[in-house]
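Colleague: Here you go, one structure.
The values are calculated or read from the model by the stated rules, or taken from the named source; none is laboratory data. None of these values were measured; they are calculated from a predicted model. Because the Cβ atoms are built from the backbone with ideal geometry, glycine has one as well, and the counts that use them run over all protein chains shown.
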């Protein structure tokens with residue numbers, strides 16, 4: 001059996017696509033999905049507004065994690081170490097611990 005070359009995709013970005021800024025993410029999961037709610041938290045606004053929701057299979061989320069780690073390593077090789085907050089709580093708590101689900105939402 002001969003191996004087929006990897007498929008190359010042409011990325012088509014619509015002219016109408018509006019990029020959004022997110023400075024936090026809330027991650028949830030079901031047995032078959034990983035759900036990423038990319039949110040925007042603004043100073044002096046108690047609301048955390050969901051800007052975009054991305055749903056992936058667990059396998060694709062793991063591949064995404066690997067791709068993100070690879071790209072962050074390349075970034076740090078080029079621009080230096082990315083500094084993150086330190087302290088007694090976890091990084092996830094420091095960055096996203098203030099985000100709580102709205103009990104009134106259904």
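Colleague: Kindly list the number of the only condition in (1) surrounded by fewer than 10 Cβ atoms within 10 Å (Cβ to Cβ); (2) within 23 Å of residue 19 (Cα to Cα); (3) at pLDDT 95 or above that fails for residue 45.
Modeller: Condition not satisfied by residue 45: (3).
Colleague: Identify, from the list 94, 3, 40, the residue that is surrounded by 10 or more Cβ atoms within 10 Å (Cβ to Cβ) and either outside any helix (DSSP H, G or I) or at pLDDT 95 or above (or both).
Modeller: Answer to the check: 40.
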